[in-house]
Amino acid sequence: KCLVIGGDLCFDVGVRETYKWIYRQLQNDLPCQWYAIPGNHDDVVMMAEELHLTHHLTGTELYSAAPLDGYPALFLDSSKGGFSAAQWAWLTDELMAIDHNVLIFCHHPVLPANAQFMDTNYPFRQQEQWIEVTEELPCRMQVISGHYHTEATVMRANTIVLITPSTYIQLDPHTADLKLVNTGPYLREIELTTNGLSSRVVNLG
């Protein structure tokens, strides 16, 4: 078992004491391995420093690869709404070396999700580049995302995006305005087996 923290560890901007508190909880109370990726409300360098992840920093981006029960997994940094050229180059090299399923954790959904407010105002800004880079690759990508504060599944070419609702508050995906829906908190359970990947969203409220 492991835990993946999917970004936006802070409410608005990165706060050092918040990251320190999170690290203490992870060290004291968690009986398994954990991973963390940044969101758009995080200070990436501060987060890496306080969660002791600076070995995964490349410049001001936090990304890495690690097998999960032998299943290849990539942990990306979309905190600025897109990837730098260096991260794209690293990601392309990693994906070209995989000819089967790969699990990818990325705060932003890399494809539009028919969530009107978020698709219009706060999307991943390199959606077309994602398709250009990945659609001819032999691997099949399961991208686990958050950011949109709703649940959705998006499929295009060899990418499936599973969007996980927030541990805080949700947004109505059917309106062009910011409309809060106070439900949750939620998490996503992922099970990796010899038959592939299964996943479900769990309401903790």
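The values are calculated or read from the model by the stated rules, or taken from the named source; none is laboratory data. As the structure is a computational prediction, the values presented were derived from the model and not from experiment. Virtual Cβ from ideal backbone geometry, glycine too; neighbours counted across all protein chains shown. Heavy atoms of the whole protein, side chains included, go into the accessibility calculation; ligands, DNA and RNA do not. Shrake-Rupley method; radii C 1.70, N 1.55, O 1.52, S 1.80 Å.
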Name the long-range amide H neighbours of Leu68: under 5 Å, sequence gap of 5 or more, or other chain; modelled H, no Pro or chain starts. Ala73
Along the charge dipole of the stretch 41-107, which of Tyr71, Asn101, Thr60 sits closest to the positive end, that is, farthest toward it, with unit charges on the beta carbon of Lys, Arg, Asp and Glu (+1, +1, -1, -1)? Asn101
Report, by chain and number, residues whose modeled amide H sits under 5 Å from the one on Val4, excluding near sequence neighbours (fewer than 5 apart, same chain). Tyr35
Mind checking which lysines have their Cα closer than 24 Å to the Cα of Lys1? Skip sequence neighbours fewer than 8 apart in that chain. Lys20
Reported to the nearest 10 Å², Tyr186 has, with a 1.4 Å probe, an accessible area equal to 40
Under the Karplus curve 6.51 cos²θ - 1.76 cosθ + 1.60, θ = phi - 60°, whole-Hz ³J(HN,Hα) for the stretch 129-141, x wherever Gly or Pro sits: 5, 4, 5, 4, 6, 9, 5, 9, 6, x, 7, 10, 9
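If contacts are Cα pairs under 8 angstrom and at least 6 residues apart, what is the relative contact order of the stretch 1-127 in percent?
23
So how do 174-183, 153-162 stack up, highest first, on mean other-Cβ count within 10 Å?
Numbers: 174-183: 10.8, 153-162: 16.5.
Descending mean neighbour count gives 153-162, 174-183.
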Rounded if a/c is under 1.5, else prolate if a/b is larger than b/c, else oblate: which is the stretch 69-138, with a ≥ b ≥ c the root eigenvalues of its Cα gyration tensor? prolate
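Write down the percent of antiparallel bridges among all DSSP beta bridges whose residues are both part of the chain, to the nearest 5. Numbers along the way, then the final one.
On the way: 22 of 39 bridges.
So the antiparallel bridges in the chain amount to around 55 percent.
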Would you kindly calculate the mean projected area, averaged across all directions, of the convex hull enclosing the Cα atoms of the stretch 68-205, in square nanometres? 8.3
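Nearest 5 percent is fine: what portion of the DSSP beta bridges confined to the stretch 53-127 is antiparallel? Present the calculation step by step, with values, prior to reporting the outcome.
Numbers: 7 of 10 bridges.
Of all bridge pairs located within the stretch 53-127, approximately 70 percent are antiparallel.
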Could you put Thr120, Thr150 in order of accessible surface area, largest first, with the 1.4 Å probe and the full protein assembly present? Thr120, Thr150
Amide hydrogen neighbours beyond the local backbone of Arg140, cut-off 5 Å, H modeled: His100, Asn101, Val102
With -39,500 (n - 2.57) per DSSP H segment of 4 or more residues and division by the full residue count of the chain, the 222 nm estimate, nearest 500 deg cm²/dmol, is -6500 deg cm²/dmol
Rounded to a whole %, the carbon-and-sulfur portion of the accessible area of the stretch 149-188 at a 1.4 Å probe is 56
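Provide the packing ranking of 5-14, 51-60, i.e. peptides ordered by the mean count of other C-beta atoms within 10 Å per residue, highest first.
Numbers: 5-14: 17.6, 51-60: 14.2.
Per-residue Cβ counts within 10 Å, averaged per peptide and sorted highest first, yield 5-14, 51-60.
Could you compute the FRET efficiency for Val45 and Asn101, with r as their C-beta to C-beta distance and R0 at 30 Å, rounded to 0.05?
On the way: r = 32 Å, r/R0 = 1.06.
That pair, Val45 with Asn101, gives E of 0.40.
Mind ranking 25-31, 43-49 by how tightly packed they are, going by the mean number of other C-beta atoms within 10 angstrom, highest first? Provide the component values of the computation, followed by the final result.
Values: 25-31: 9.6, 43-49: 20.1.
Descending mean neighbour count gives 43-49, 25-31.
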